1. Can you tell me how many residues within segment 125-160 are modelled with pLDDT of 95 or more, open to solvent by 20 Å² or more (accessible area, probe 1.4 Å) and among the aromatic types (Phe, Trp, Tyr)?
2. Only one of these is surrounded by fewer than 18 Cβ atoms within 10 Å (Cβ to Cβ) and outside any loop (DSSP other than H, G, I, E, B): Arg46, Arg122. Name it.
3. Of the residues Lys68, Lys75, Lys100, Lys82, which is of a type in the set (D, E, K, R), under 21 Å from Asn155 (Cα atoms), in a loop (DSSP other than H, G, I, E, B) and open to solvent by 60 Å² or more (accessible area, probe 1.4 Å)?
4. Determine, yes or no, whether Thr38 is β-branched (Val, Ile, Thr), closer than 22 Å to Gly92 by Cβ and surrounded by fewer than 17 Cβ atoms within 10 Å (Cβ to Cβ).
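The values are calculated or read from the model by the stated rules, or taken from the named source; none is laboratory data. A quick note: this is a predicted structure, and the numbers were derived from the prediction, not measured. Here the Cβ is made from the backbone with ideal geometry for all residues, glycine too, and neighbour counts use every protein chain on show. Areas reflect the complete protein model, heavy atoms only, side chains present, ligands, DNA and RNA absent. Shrake-Rupley method; radii C 1.70, N 1.55, O 1.52, S 1.80 Å.
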Amino acid sequence: MRNIYENFTEQHHIKHGARLQFCLFLKGMGISMEDVRTYFRQEFCRKMDAETYGKSGHDYMVRHLFGKEGKRSDKTPYGCMKIITGSGPSSGDCHGCPFKHMDADNLERKLTAWKIPKVQIREILGLVAGQHYQIACSKYYEVTHNKNDAGFGLNHPNQYFLESQQALGNKVNVGKQGYQSSQIMSSQASQSQASQSQVSQSQVTQSQVSQSQVTQSQSQVTQKNSTPVISSQDLKDLAEDDFDDM
């Protein structure tokens, strides 16, 4: 996404594939449709006038991706596998995954421009040569965030964004798509386990109480009559009724 953003900022224009990929990424970040429309219009209009932009269809595309035009279906951001296995960028385009779609020389130049140390560039290029594109991206994350281990499996650009913001201590709005960082998901998993444990303890306690009540009922009946007026089957039914009420 950094590659698309830089091209958009420098050229004030991106082709169809990049527009789709980048717009959906912004949507997944939680940016509103109106803000994306404003951003696209301001950037494109650095090179074209407002009337030309209005006729270009770019604004319609944004509204369409947000489900406000056409079939009004809610489009979701592209994940890593969709980007990696999708059609690569043609001449003058910049969509796709740089680790998958850039040749080694261009990728090395790009990583150098992004201030990645040479040792790590060689490591990333080695992963790319082995077709480990997502691992190469994770290595890039580790280098740019000063981490020895990313601590998560990378499978979505919006996941990368959230992990980055989490690592930097920034609060972000995850928007409709609900992408969550590994730290958030770990915290939620812990809370869920604690909740399940409390429920299980409560069920055990209620079960013990119900069994105690049944035992007390049986004892009282036995004491009142030498011949029980409640049969063993009745007691079984009573116990089952108690459990059914839990």
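1. Count: 3.
2. Criteria check complete, one pass: Arg122.
3. None of the other options fit; the residue is Lys75.
4. Taking the combined requirement at face value, the residue does not satisfy it.
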